Structure formats: C-alpha cells, structure tokens
Amino acid sequence: MNKVLIVEDSELSVDILKILLEKYGLEIDVVENGELALDYYKNSLHKSDPYELIFLDIMMPKKDGQEVLEEIRRIEKTYKNAKTKIIMTTSLDNFDNVYKSFKNKCDGYLIKPILKEKLDLLMKSIT
Amino acid sequence: MNSKDLLGKITTINRYITDSIHSSEKLGLDVFGIVSSFEKDMCSLIESIENFLKIFFLSESNDSKSYLEELSTIRNKIDSSLNSLINLVELSEDIFLCLFGSKSENSTIAQILKISNEIDEILDELSSAATNSSITASQLGNSGGAFSIISKEIQRETSQLSRHFSKMYEIIEENFPELESLREHITRFKDRERLRKGFSDLINDFQSIENQLFVFKKEIDESMDTAKNKIPELLSHLVNQDIFRQQLEHIIEFTNEASKRIKNRDEFKNQGFINFVITISKEIFDAGSEEFLSAFSEVDSKIDDLTASCCVSIKSNLNDFGVYFNSENEKSLKRVTDEIMIITIKNTVFVQEVLENLSSLKGFLSDFDSKISLLLDQIRTSQNIIKRFQTMRILLKAELARLSDILGKKSKDSQEQFENIINSVEHKTKSIKNVIDNLENLYDKNRHKFELYEKLSENPLSEKDLKDIFDSLKKIVEFMEKEYAFLSKEVDKYSSSIVNSKESFVSKYGEIYRLNETTSNFLGEIINSIPKSNFDYKEDEILKELIENMTTYKERIVAQQHLEVEDVGSEGGEFTLF
C-alpha cells in the first residue's frame with residue numbers, strides 16, 4: 001500500500017492522522033471536502049494510478065463522506081480491477097452511520113479521536 | 001515567696017489545669033466528631049458506590065436492563081447468530097460436497113450436463129446417419145421403400161430424444177445453482193474465523209471489565225470493613241481523655257486545699273504541705289499528660305490508618321477503574337462498546353451478503369424433490385424412446401441384410417454405425433439416470449440437513465434489534481460515565497473532609513502539647529520557689545482523703561513514691577491506701 005488520500009476538513013485531524021501514518025511511509029494527498037475527494041479519485045483512475053486507500057471523514061462541506069463512499073463504489077463497478085480500500089474516520093458513533101457505511105462497502109470504521117492501536121490493527125487487517 | 005504571690009501562682013496553675021481539661025475535652029470531642037462524620041461519610045460513600053455498581057449489576061425496573069444484562073444479551077445474540085451462520089455455511093459446504101462432489105468439474109450436476117452434451121453429440125451423429133440412410137434409400141428407388149421408412153422413423157425419434165435432453169439441460173440451468181458463485185461465497189466466508197476472533201477479543205475486553213468490577217467491589221468492601229474495624233479501636237483511646245480529666249480534677253482539689261491553707265496564716269507557716277501538694281501534682285500532671293499525649297498520638301496514627309485503608313484505597317481503586325471511563329483509552333467502556341458495535345455491524349452486513357448469495361442454494365434445496373422428478377420424467381421418456389430404437393434396430397438390421405446384395409459393404413457399415421450409436425445412446429442415458437438416481441438417494445439420506453438448512457437460513461441477525469440494543473447500551477455507557485464522574489467527586493469531597501478533620505486534630509493536639517509543657521514548667525518553677533520542710537502526711541486527714549480519691553493507676557504509682565501504699569493494684573483495678 002502506497003498511495004493514500006485523506007479526506008478531512010479539520011487540519012488538526014489531518015495532522016494527527018499523518019503522524020499516526022508516518023511509520024507506513026505512504027504517499028499522502030489531502031483534500032478538505034467530498035467534491036474534491038471525488039475529483040482527485042476520478043483523476044487518479046484516469047491516470048491508471050488509483051488510490052489504494054482513502055481515509056474518509058463523514059461530516060464535510062459540499063458532499064458528505066457517505067455520498068462520496070457510495071459514489072466511489074458506483075464508479076468502481078465500471079472500472080475493472082479498481083478496488084480502493086476506504087476507512088471512515090469520524091466522530092459519529094451512532095448505529096445508523098456505521099451501518100450505512102458498511103452497507104456502502106467501507107472497509108473499516110474509526111471513531112475519533114483515532115487511537116494508534118486501532119489504526120494499526122485496521123491497517124494490518126486490510127493490507 | 002509571700003502568701004499573696006503564692007496564691008496568685010496557684011490560681012494560675014488552676015487556670016492552666018482548667019484550660020488543659022477543656023482543651024483535652026475538646027480534642028476528645030473532636031476525635032469523636034471526626035469518627036462520627038467519617039462513619040457518616042463512609043455510609044454516603046458506600047451508598048454512592050453501591051448505586052454506581054447497581055447500574056452495572058441490577059436493572060432499575062422490569063422494562064430496563066443493567067449494563068451487564070445488556071452486554072450479556074448482545075453477547076448471546078451475536079454469538080448465537082454467528083454460530084447459526086457458521087453452521088449454515090458449514091452445512092452449505094457439506095451439502096455441496098455430498099451432492100456435487102468436491103470439485104465443480106466432477107460434480108453431479110456437471111456430470112449430468114457433461115453426459116447430456118455427449119448424448120447430444122451422439123444424437124447428432126444418429127440424426128446424420130439416419131439422414132444418410134434416407135438419401136441412400138431414396139437412391140434405391142422402390143426396393144429401398146422400407147429402408148426409407150425406418151430411416152425417417154429413426155430421424156423422427158432422434159429429434160424427439162434430442163428435445164428431451166435439451167429440456168433436461170434447461171431444467172438444470174434454470175433450477176440448479178451456479179456452483180462456482182456459491183462456492184466463492186462459501187470460501188469468502190472462511191474469513192469468519194478472523195471476524196469471530198475479533199469479536200471474541202472484544203467480548204474478552206468486556207469480560208475483563210466485568211471481572212475488574214468484581215475486583216473493584218471486593219476491594220472497596222474490604223477497605224470499608226478494615227475501616228469499620230479500626231473505628232472501635234480508635235474510640236477506645238478516647239477513655240484516656242477521661243482519665244486525664246480525672247487526674248487534672250484531683251490536682252485542682254490539691255491546689256484548692258493548698259490555696260485554703262495559704263490563706264490561713266497558721267497553716268501557711270508549714271509550707272511542707274504546699275511543696276508536697278505541688279510536687280505530687282506536677283508528677284501526676286506529667287505522668288497523666290504523657291499518657292494522654294501518647295494515647296492521642298496513637299489516635300493520630302489510627303486516623304492515618306483509617307484514611308489510608310479507606311480513602312486512599314478507595315481512591316486508588318477508583319482511579320484504576322477510571323480507565324474504563326476515559327474514552328482516550330482503548331479499553332474504555334465507550335471504546336469497547338463502539339468497537340463491538342462496529343464489528344457486529346460489519347458482521348451483520350457481511351452475513352446479509354452471504355445469505356443473499358446463498359439464497360439460490362436455499363431456493364434449489366427448497367423444492368429439490370420436484371426438480372429431481374422433472375429430470376427423471378425426461379429420462380423415463382427418453383428411455384421409452386430408446387426402447388423403440390431397439391425395435392427399429394432389428395427392423396433396420398433385417399432391411400440392411402435384404403439390401404446387402406445391392407449395397408454391398410455399405411450395408412454392413414451402416415448396420416454397425418446404427419448399432420454403435422444406439423448402444424451408446426442407451427448406455428449414456430443409463431449413466432445419466434444413475435447419476436440422477438444417486439442424487440435423489442443422496443437427497444433422501446441428507447434430508448435432515450436440508451431441513452436444518454431451511455431453519456438456519458432464516459435471517460439470523462435483525463438490524464432493528466441490534467440497533468435497539470446498541471442504542472440502549474450507549475445510553476447506559478453515557479449514564480455510567482456521568483455516575484463515575486459524580487462518584488469521583490464524592491470520594492474527593494469525603495477524602496478532603498477527612499484530611500481537613502485530621503489537620504484540625506493535629507493542630508489541637510499541638511496546642512495541648514504546648515499548654516501541658518507550659519503547665520509542667522510552671523509547676524516546676526513553683527516547687528523550686530517553695531522551701532521543703534518536714535511534713536507528716538500521716539497526721540493530715542484532709543490530705544489522706546484527697547489521696548484516697550485518686551483513682552487512676554498513674555496517680556497511684558505517683559502516690560506510692562511518696563506515701564506508704566499497701567497495694568497500687570493494677571491498671572484499671574482497685575488499690576488500698578496506707
């Protein structure tokens with residue numbers, strides 16, 4: 001796993017996540033809203049260099065994380081072999097959001113504040 | 001020293017002694033107050049802790065559940081759902097193995113399809129052989145009439161047979177599951193062990209919280225018991241305050257008598273009495289003060305013990321337990337609850353997908369009998385056609401023998417070709433029937449498994465039930481976090497109350513210590529300023545009476561050093577004077 005996109009509108013959360021991911025030596029892009037996330041994602045597909053992993057916040061301006069997840073999974077069906085791992089990173093810890101994310105085929109769900117142990121465990125399980 | 005000065009000093013002594021009585025009484029009352037308020041605080045604290053633990057262990061009403069009850073519901077529900085699903089998938093595999101064989105290319109269905117394809121090819125051969133025979137017959141003119149009829153009949157029956165095998169193919173294609181797709185989902189579910197382990201780990205985390213709760217409750221109970229047991233021992237030291245008070249009152253009786261005698265000019269001449277009284281007063285005072293201060297020093301250390309065994313221990317246990325209420329900690333109730341929710345939802349969604357994909361297997365198994373019957377119907381009709389082929393074969397053989405002179409070697413070749421093809425069709429049809437019979441037998445043998453499969457494939461996890469459980473569990477966790485914060489504040493409040501009382505005790509103890517030291521020094525100064533003279537205490541009835549009033553052990557020991565005492569008795573016992 002190398003190419004990663006962080007979709008997050010809070011600078012602090014981005015900084016924390018970057019620190020936690022430092023040891024994995026990833027190439028990280030950061031965008032602050034859902035619309036930009038989709039632009040970046042589509043662009044990476046066109047270049048045949050898709051993101052391998054996306055950290056996706058749920059509550060974001062313009063387009064929320066659930067919509068972005070749904071859209072990415074829809075796009076993936078038209079691209080053969082395009083399968084990006086998506087981890088939701090959010091402070092929303094209610095049943096409905098978690099359920100919706102897994103229904104939309106996210107690969108993991110991390111509740112903020114993100115704990116190092118949980119992130120490492122998830123990284124190990126999806127890579 | 002003149003009588004006026006001496007009287008003044010004795011008045012001062014009385015004032016010091018009275019102050020000591022009041023201060024020691026105040027200290028005793030303070031200790032009693034500390035212990036009472038400590039007991040009261042402990043009761044409140046126990047009540048708070050018990051209320052807190054009740055949320056874990058006991059439900060408030062019939063409608064609500066305790067935290068542990070909710071957890072146990074979730075654990076049982078998820079565990080049984082997961083077990084049902086695992087059983088279901090294992091049963092699917094089992095059914096796959098017994099019905100379709102271990103590899104898809106050798107499966108029963110694949111065998112049926114393979115044989116019917118082969119039959120189809122043979123029937124094509126038969127059809128073209130019959131067509132060729134028809135052409136040959138037409139070339140023979142009138143002599144080939146019967147041969148032509150038989151060839152056309154073979155052609156007609158062949159196309160009928162072909163239709164039956166196509167129908168069989170259709171039945172299989174329409175009703176039998178896509179083995180590869182099902183097998184893929186079953187294989188995917190092999191990952192269940194990881195899911196199960198993840199879930200088990202989290203449940204173990206919860207188990208450790210439950211265990212920690214029991215430890216917490218046990219340690220708190222022990223701390224409370226230890227504290228309670230220390231209280232009577234602590235209170236037993238308060239009797240020393242009463243002993244000291246009695247001693248001081250006896251000193252006042254002495255000094256009062258001394259004052260009376262100073263005021264009487266004749267008696268003042270004999271200062272031996274005064275010296276004796278002040279000397280014995282100082283000795284009693286010093287011994288009593290030492291005993292009192294030592295007893296209350298013991299009280300001091302007992303209060304420390306009490307604070308340590310109760311407040312410090314409770315606080316430390318409470319702090320240890322606090323990790324479960326700190327959401328920054330991965331073992332916290334909130335984190336573990338969230339994780340269990342996430343992994344349960346992940347499982348639920350996964351299970352729903354697996355079930356959706358296995359639904360074709362369920363559909364296939366639900367009406368298995370009738371599907372087998374449909375196949376067997378086709379086989380039976382095919383076999384009837386094949387029986388007619390036997391008749392046609394004899395007729396064909398006879399006709400080709402009749403035409404052998406005209407057809408020459410071609411007659412023998414055609415006969416052999418028809419023989420071979422018809423034998424082959426017959427043989428293949430028998431094989432296909434055997435495979436289907438075998439499938440039917442396997443189905444009968446494993447009927448119980450199919451019935452169990454039907455039962456298990458009912459949706460094992462209800463999304464709504466889970467949502468309700470997790471919503472209520474989250475509410476309990478939030479409530480418990482608040483209760484824990486409240487309990488921590490209560491413990492802090494009671495601890496600081498005990499610490500404040502202790503500080504007040506230490507300060508008062510210090511005051512008495514200094515006061516007693518001043519009194520003792522002052523008594524010493526007076527003794528030094530009064531000349532000693534012969535004094536026959538045996539002749540002094542009042543002194544005798546005053547000394548007889550001395551009831552404490554220390555006083556008797558002091559008395560023994562100055563007077564003839566027959567028996568000082570034992571501490572707390574009686575004694576006989578003179």
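The values are calculated or read from the model by the stated rules, or taken from the named source; none is laboratory data. Bear in mind the structure is a predicted one, so any value in this text is a computation, not a measurement. In this analysis, Cβ positions are derived from the backbone assuming ideal geometry, glycine residues included, and neighbour counts consider all displayed protein chains. Surface accessibility is based on the protein's heavy atoms, side chains included, excluding ligands, DNA and RNA. Shrake-Rupley method; radii C 1.70, N 1.55, O 1.52, S 1.80 Å.
At pLDDT 85 or above, surrounded by fewer than 18 Cβ atoms within 10 Å (Cβ to Cβ) and not small (Gly, Ala, Ser), is that true of B:Glu478? In short, yes.
Quick grid of which residues meet (1) in contact with a Phe, Trp or Tyr (Cβ under 6 Å, 6 or more places away or on another chain); (2) within 14 Å of chain A (Cβ to nearest Cβ); (3) not aliphatic (A, V, I, L, M):
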| residue | (1), (2), (3) |
| --- | --- |
| B:His250 | no, no, yes |
| B:Phe285 | no, no, yes |
| B:Ser313 | no, no, yes |
| B:Val323 | no, yes, no |
| B:Leu333 | yes, yes, no |
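If only one of B:Asp369, B:Asp338, B:Asp377 is more than 23 Å from B:Ser92 (Cα to Cα), open to solvent by 60 Å² or more (accessible area, probe 1.4 Å) and either more than 41 Å from the chain's Cα centre (by Cα) or within 14 Å of another protein chain (Cβ to nearest Cβ) (or both), which one is it? Only one candidate qualifies: B:Asp377.
Can B:Val354 be described as within 14 Å of another protein chain (Cβ to nearest Cβ) and either at positive phi or part of a helix (DSSP H, G or I) (or both)? Answer is yes for this residue.
Against the definition (in contact (Cβ under 8 Å) with a residue 40 or more places away in the chain, out of contact with any Ser or Thr (no Cβ under 7 Å at 6 or more places or on another chain), charged (D, E, K, R) and away from chain A (no Cβ under 14 Å)), how does B:Asp465 come out, yes or no? Considered against the rule, which asks whether it is in contact (Cβ under 8 Å) with a residue 40 or more places away in the chain, out of contact with any Ser or Thr (no Cβ under 7 Å at 6 or more places or on another chain), charged (D, E, K, R) and away from chain A (no Cβ under 14 Å), B:Asp465 comes out as no.
Pairs linking a residue in region B:273-290 that is within 29 Å of B:Leu238 (Cβ to Cβ) to a residue that is among the charged types (D, E, K, R) and modelled with pLDDT of 90 or more, with Cβ atoms under 9 Å and 6 or more positions apart or on different chains, are B:Ser289/B:Glu517.
Considering region A:104-113, and only residues there that are open to solvent by 30 Å² or more (accessible area, probe 1.4 Å) and within 16 Å of A:Leu20 (Cα to Cα), the residue that is nearest to the other protein chains (Cβ to nearest Cβ) turns out to be A:Pro113. It is to be established whether one or more residues within region A:56-66 are away from every other protein chain (no Cβ under 13 Å), open to solvent by less than 10 Å² (accessible area, probe 1.4 Å) and touching a Lys or Arg at 6+ places or on another chain (Cβ under 8 Å). Looking for residues that are away from every other protein chain (no Cβ under 13 Å), open to solvent by less than 10 Å² (accessible area, probe 1.4 Å) and touching a Lys or Arg at 6+ places or on another chain (Cβ under 8 Å), one finds at least one in region A:56-66, hence yes. With the requirement that a residue be more than 9 Å from chain B (Cβ to nearest Cβ) and surrounded by fewer than 16 Cβ atoms within 10 Å (Cβ to Cβ), what does region A:76-103 give you? A:Lys77, A:Thr78, A:Tyr79, A:Lys80, A:Asn81, A:Lys83, A:Ser91 - these are the residues of region A:76-103 that are more than 9 Å from chain B (Cβ to nearest Cβ) and surrounded by fewer than 16 Cβ atoms within 10 Å (Cβ to Cβ). The single residue among B:Ser529, B:Ser496 that is farther than 30 Å from B:Glu283 by Cα and either β-branched (Val, Ile, Thr) or open to solvent by less than 90 Å² (accessible area, probe 1.4 Å) (or both) turns out to be B:Ser496.
Which of the residues belonging to region B:467-492 are over 19 Å from the mean Cα position of the chain (by Cα) and farther than 14 Å from B:Lys334 by Cβ? Across region B:467-492, the qualifying residues are B:Lys467, B:Asp468, B:Phe486, B:Leu487, B:Ser488, B:Lys489, B:Glu490, B:Val491, B:Asp492. If you check B:Leu318, B:Leu395 for being more than 12 Å from every other protein chain (Cβ to nearest Cβ), in contact (Cβ under 8 Å) with a residue 24 or more places away in the chain and open to solvent by less than 10 Å² (accessible area, probe 1.4 Å), only one passes: B:Leu318. Quick check on my filter: what residues within region B:514-533 are under 12 Å from B:Phe276 (Cβ atoms) and part of a helix (DSSP H, G or I)? Of everything in region B:514-533, just one residue is under 12 Å from B:Phe276 (Cβ atoms) and part of a helix (DSSP H, G or I), namely B:Ile527. The selection criterion, being aliphatic (A, V, I, L, M), under 24 Å from A:Asp120 (Cα atoms), surrounded by 18 or more Cβ atoms within 10 Å (Cβ to Cβ) and touching a helix residue (DSSP H, G or I) at 6+ places or on another chain (Cβ under 9 Å), holds for A:Val4.
Just for region B:321-334: of the residues that are open to solvent by less than 20 Å² (accessible area, probe 1.4 Å) and not hydroxyl-bearing (Ser, Thr, Tyr), which one is farthest from B:Gln241 (Cα to Cα)? Residue satisfying both the conditions and the ranking: B:Leu333. In region B:199-238, how many residues are modelled with pLDDT of 75 or more and β-branched (Val, Ile, Thr)? The qualifying residues number 4.
On the stretch given as region A:72-90, residues that are under 14 Å from A:Val7 (Cα atoms), of a type outside the set (Val, Ile, Thr) and over 10 Å from the mean Cα position of the chain (by Cα) total 0.
Just checking, does region B:535-542 include any residue being of a type outside the set (Val, Ile, Thr), in contact (Cβ under 8 Å) with a residue 40 or more places away in the chain and in contact with a Gly (Cβ under 6 Å, 6 or more places away or on another chain)? The answer is yes, given that some residue of region B:535-542 is of a type outside the set (Val, Ile, Thr), in contact (Cβ under 8 Å) with a residue 40 or more places away in the chain and in contact with a Gly (Cβ under 6 Å, 6 or more places away or on another chain).
Inspection of region B:464-473 finds a residue satisfying the criterion of being over 30 Å from B:Gly322 (Cβ atoms) and modelled with pLDDT under 85.
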